[in-house]
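Data first, discussion second: the structure below is written as structure tokens.
The values are calculated or read from the model by the stated rules, or taken from the named source; none is laboratory data. All of these numbers come straight from a predicted model, not from anything done at the bench. Every residue, glycine as well, gets a Cβ built from its backbone with ideal geometry; the counts of neighbours run over all protein chains shown.
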Amino acid sequence: MISDAPSAKSTMQYLTFEVTTRCNLKCVMCPHGLPGGYPGQRDADDELIDGIVGSLDRLDVLRPTGVGEPLLSSGFWRLADALRGRDKPKMGFITNAILLTPANVRRLADVPLRSVMVSIDAVRSETHQRIRGNDLSRTLSGIKNLIDMRRATVKDFWLAMSFVIMRENHKEIPDFVDLAASMGAEIVYFEHLTPLMTNASNWAVERDGWQFNYGEQDMRNDPRAADAMMMEAVARADAHGIGLGGYHVFLDPSLEAAHIDRPSRKRFLAVQGVDSRSGEGG
Ligand SMILES: C[S@@+](CC[C@H](N)C(=O)[O-])C[C@H]1O[C@@H](n2cnc3c(N)ncnc32)[C@H](O)[C@@H]1O
Ligand code: SF4
């Protein structure tokens, strides 16, 4: 008999599930921002949430996520209430921070949190407004509420601030690292555009006289410009002692970052936890 064979009592470790597909924003690069919005928006049903609540003892990490805003859903708050006062599982989630109000943050104070990632995509208010259709100061207030709670409760979850790279915002990449450090984040997360279950070929959104066109905004089409900003971001992250995650170094020879000099490239890979020897081709 194999002693560690899965059994009814085995630990599942990570559970990532879509808690809602509803949202309170319409970011231009997200399917919610498309004309007509995201089809069939709904919350996870009670049966799913009941099942997870009944399985908490088997889990290490719970990640309510999805193409929606988790804090909008009653399922998220039912899980938070069920976790209150426990050590495990720890919860990690991604949010636009609008609902990180003082009252909601108080509600999270006794929940075992592992991580909170706040999506921002900009340093300038104008850019945030254009991409996320939201007031940047509202997002930053949510982060501040969270940081104040963490300080007051001596909790040890980490805060990440995330940035989806687009032509519109790529020049703000280095300053975003400074902003994250000044807010008290431990990690800054950068990611290229991905289609997120949508056909990106004719993705165009009009907002306040500006047109978001997926193909034009995708910086994978201009890796040299994106990588140059990322190299500056690495330097700023080093200066602040803050972690950097998420960015992809292209291994396709036609896209490979040949324009990044070898020492920088090594550093780049090391930041991401990749063994730099394998990245150097031996
Ligand atoms: C879909 S959102 C859901 C969570 C929450 N509503 C938020 O915005 O943080 C999860 C993450 O996907 C990112 N995202 C949205 N559209 C994207 C796209 N087209 N490509 C890559 N990331 C995207 C968001 O910026 C966010 O960090
Ligand atoms: S990126 Fe997040 S906040 Fe923005 S529309 Fe999509 S789900 Fe909502």
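Side notes on the structure shown:
- Leading residue by the ranking (farthest from ligand 2 (Cβ to nearest atom)) among those in the range 24-61 that are of a type in the set (V, I, T) and part of a helix (DSSP H, G or I): V53
- Scoring L100 on the criteria (1) within 16 Å of ligand 2 (Cβ to nearest atom); (2) aliphatic (A, V, I, L, M); (3) surrounded by fewer than 17 Cβ atoms within 10 Å (Cβ to Cβ) leaves a single failure, condition (3).
- L193 within 15 Å of ligand 1 (Cβ to nearest atom), touching an Asp or Glu at 6+ places or on another chain (Cβ under 6 Å) and in contact (Cβ under 8 Å) with a residue 12 or more places away in the chain: yes
- Restricting the range 133-159 to residues that are of a type in the set (A, V, I, L, M) and surrounded by fewer than 21 Cβ atoms within 10 Å (Cβ to Cβ) leaves a set whose member that is modelled with the lowest pLDDT is V154.
- Candidates A185, A180, A122, A109, filtered to the one that is in contact (Cβ under 8 Å) with a residue 24 or more places away in the chain, among the hydrophobic types (A, V, I, L, M, F, W, C) and touching a Ser or Thr at 6+ places or on another chain (Cβ under 8 Å): A109
- Leading residue by the ranking (nearest to A82 (Cα to Cα)) among those in the range 51-63 that are out of contact with any Gly (no Cβ under 7 Å at 6 or more places or on another chain) and touching a residue at least 12 places away in the same chain (Cβ under 8 Å): V53
- Output for the range 186-232, where each listed residue is touching a strand residue (DSSP E or B) at 6+ places or on another chain (Cβ under 8 Å) and among the small types (G, A, S): A204, A226
- Exclusive hit being in contact with a Pro (Cβ under 9 Å, 6 or more places away or on another chain) and within 19 Å of R150 (Cα to Cα), set R106, R84: R84
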